[in-house]
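Colleague: What follows is a single structure, and I will ask about it in a moment.
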Amino acid sequence: MSPLAATSKLAIEAGVLDVGSEPFLDPGAPEWETVPGARLALEPTPLDRLPSAYVQAAWANRPRANPREVEVRALMARGTLSLRLCWAAPRPVPALSDLDAFPDACAVLFPADGVSAPLATMGSRRRPVAGWHWQAGPLGPFAVRARGLGTVERAKADPLRAQARHEAGSWSVVLSRPIDPGSPFGAGRNVPVAFAIWCGAARERAGIKSHTPSWQELRLP
Amino acid sequence: MSTASSGSTEAPAAPGSRPKQQFAMVLDLNKCLGCQCCTVACKTQWTSGPGMDAMWWNIVSTIPGRGTPRDAFELGGGYRNGSPVPGELPSGREWGEAWEFDYEQVFDGEGYGKTFLRPKEHDGAEPGWGPNWDEDQGGGSYPNSYFFYLPLLCMNCSQPACLEACPRDSIYRRDEDGIILIDEERCHGYRFCVEACPYKRIYFNKERSVAQKCISCYPRLEAGVAPACVRQCPGRLHHIGYLDDPDSAVHRLVHTFQVALPLHADFEVMPNVFYVPPLLPDAFDEDGRFDPSRSRMPLEDLERLFGPEVQAALATLQAERERVAAGEPSELMDILIARNWRDLLGPFDVDPARVEPARHR
């Protein structure tokens with residue numbers, strides 16, 4: 001196991017993997033142990049940043065779920081970037097099983113241009129953010145794009161793929177996508193990235209989540 | 001089916017803004033039979049798609065009763081002194097599931113002639129709640145038991161808590177008639193709107209992960225046809241029209257005669273569905289004769305739903321009834337009786353059988 005650094009801001013060193021053409025999706029694959037993991041501190045979204053007075057009122061006194069950290073590893077394999085997110089989920093919600101159920105979920109976010117965008121507001125009109133969103137169950141994963149709070153749009157079709165497993169009280173989710181020419185994830189680049197976790201057992205959804213409060217750095221080989 | 005992705009070519013009114021005119025309904029509860037024809041008309045028209053089995057955009061509840069979902073009016077939402085009130089999110093069982101029935105066992109299997117058709121929930125459990133679960137149970141004790149029926153549907157509120165609660169602006173109020181619609185393309189199924197609606201008239205489609213609700217049959221309205229629930233009501237209890245039109249029945253009943261009242265005005269959402277309260281029935285005395293000095297139904301039951309204004313509304317209704325009984329004319333009673341039932345429909349009196357299919361969206 002590679003040593004993990006407990007810090008709120010850390011570079012995530014992506015490794016290179018020489019594998020076949022299939023997307024690298026298995027969360028339990030031993031290859032993940034060949035790259036260092038970054039353990040990133042998470043914070044709940046501030047209530048006053050939620051774009052609805054109702055949501056602010058409804059959540060003012062509700063307990064917030066706290067997966068306090070997420071461990072992230074990254075691998076580049078034949079033009080495909082795979083990210084593995086692991087976090088503690090002792091009471092997993094693996095599906096949208098009832099009308100009052102909210103599946104666990106996670107996401108990675110980055111500036112759409114790979115350079116800069118305001119994270120606290122989920123991008124802006126002129127500087128959008130893009131991301132990959134997974135939620136437990138059959139829906140998704142979704143490639144998303146946003147130009148401010150409450151503006152997340154899901155792509156109708158995207159080659160983004162995901163695979164997840166819940167084991168020993170933790171989720172391990174791999175998000176994998178081919179890197180297009182001109183993508184922010186070009187070879188040798190350092191890309192700002194942020195991560196978010198939604199705890200279904202606490203009915204977290206939308207802006208109610210735990211997230212890295214500032215951009216991290218994904219260093220691509 | 002995308003029920004409400006774009007009801008209008010006009011830009012939606014901004015939250016809180018006043019539409020050009022407001023579509024409204026008045027339901028005379030003295031006429032409601034509790035037959036659920038409105039419920040079935042709506043079901044047939046709109047909620048037969050995937051994930052909609054247990055949806056009843058229109059439902060008739062027995063009052064007193066716990067409603068649909070269970071304890072519907074006790075689950076929060078709306079506003080208090082202008083501030084949003086946190087609401088609860090009912091489970092599928094609290095809403096009432098779409099039960100399964102083992103017809104084979106009853107009609108063809110060993111149970112033929114020995115058992116009866118038993119509903120089962122999705123996991124085989126016996127249902128413990130459902131829409132209209134406590135039908136006709138009512139309150140009071142024989143011979144002074146009582147109940148009445150309360151049809152419920154989207155209230156197209158002027159202060160819509162659902163719209164305000166949605167962080168994605170997926171809910172909008174049409175500028176041309178004030179009807180509240182959900183843009184299913186924008187909705188991500190967060191269900192804040194379900195929590196925030198104090199009448200619990202927004203459903204969640206689990207298969208599609210979107211919120212859905214009564215759309216006031218806007219495609220019918222746009223063709224001049226009354227909503228399905230209105231057309232199919234045998235009791236003819238719905239008056240529809242534009243509340244801003246001083247000549248409309250809805251305006252006359254709500255503003256002029258003030259006999260049509262909002263449900264739970266204390267929710268502070270300013271609904272645009274109004275109810276003519278049921279007249280209080282005389283109690284029976286010990287000999288089984290009517291006792292006009294007492295009512296079978298406590299006034300408090302009506303006040304809880306319609307506020308203290310219900311007393312004045314009932315007094316007006318009673319006075320006008322007495323005028324008619326004395327042979328005097330009464331515009332109010334003429335409107336409520338609606339001898340020509342098409343008068344109920346306001347500007348939406350087009351026969352749906354005469355509408356070209358192309359006019360439907």
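The values are calculated or read from the model by the stated rules, or taken from the named source; none is laboratory data. The structure presented is a predicted model; accordingly, all values stated were derived computationally and were not measured. With ideal geometry, Cβ positions are generated from the backbone for all residues, glycine too; neighbour counts draw on all protein chains shown. Keep in mind that these areas ignore ligands, DNA and RNA; they rest on the heavy atoms of the full protein, side chains included. Shrake-Rupley method; radii C 1.70, N 1.55, O 1.52, S 1.80 Å.
Colleague: Within segment B:137-144, is even one residue open to solvent by 30 Å² or more (accessible area, probe 1.4 Å), of a type outside the set (Val, Ile, Thr) and under 18 Å from B:LEU29 (Cβ atoms)?
Modeller: yes
For (1) away from chain B (no Cβ under 14 Å); (2) among the aliphatic types (A, V, I, L, M), each residue gets a yes or a no:
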site: A:PRO30; (1), (2): yes, no
site: A:GLU33; (1), (2): yes, no
site: A:GLY37; (1), (2): yes, no
site: A:GLU43; (1), (2): yes, no
site: A:ASP48; (1), (2): no, no
site: A:PRO51; (1), (2): no, no
site: A:GLN56; (1), (2): no, no
site: A:ALA60; (1), (2): no, yes
site: A:ARG64; (1), (2): yes, no
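Colleague: When only residues in segment B:76-108 that are within 10 Å of chain A (Cβ to nearest Cβ) and of a type in the set (A, V, I, L, M) count, which is farthest from the chain's Cα centre (by Cα)?
Modeller: Across segment B:76-108, the extreme among qualifying residues is B:VAL85.
Colleague: Looking only at segment A:141-153, filter to residues that are open to solvent by less than 40 Å² (accessible area, probe 1.4 Å) and either under 16 Å from the mean Cα position of the chain (by Cα) or among the hydrophobic types (A, V, I, L, M, F, W, C) (or both); which one of those is farthest from A:PRO111 (Cα to Cα)?
Modeller: It comes out as A:PRO141.
Colleague: With respect to the numbered conditions (1) out of contact with any Cys (no Cβ under 9 Å at 6 or more places or on another chain); (2) open to solvent by less than 10 Å² (accessible area, probe 1.4 Å); (3) away from chain A (no Cβ under 12 Å), which one is the sole condition not fulfilled by B:GLY189?
Modeller: (3)
Colleague: Further question on the same structure: Contact list please: Cβ distance under 9 Å, first residue in segment A:147-171 and within 14 Å of chain B (Cβ to nearest Cβ) and in contact (Cβ under 8 Å) with a residue 60 or more places away in the chain, second residue in a loop (DSSP other than H, G, I, E, B) and hydroxyl-bearing (Ser, Thr, Tyr), pairs at least six apart or on different chains.
Modeller: Correct list of pairs: A:LEU149/A:THR121; A:GLY150/A:SER52.
Colleague: Which residues, taken from segment A:85-119, are open to solvent by 50 Å² or more (accessible area, probe 1.4 Å) and small (Gly, Ala, Ser)?
Modeller: A:ALA88, A:SER97, listed by residue number.
Colleague: Still on this structure, I have one more. Output yes when any residue across segment A:124-131 is at pLDDT below 95, out of contact with any strand residue (DSSP E or B) (no Cβ under 9 Å at 6 or more places or on another chain) and assigned to a loop (DSSP other than H, G, I, E, B), and no when none is.
Modeller: Restricting attention to segment A:124-131, the residues satisfying the condition of being at pLDDT below 95 are none.
No, the conditions are met nowhere in segment A:124-131.
Colleague: OK, next. Residue by residue through segment A:20-51, note down the ones that are without any contact (Cβ under 8 Å) to a residue 60 or more places away in the chain, closer than 30 Å to A:GLY150 by Cβ and open to solvent by less than 60 Å² (accessible area, probe 1.4 Å).
Modeller: A:PRO46, A:LEU47
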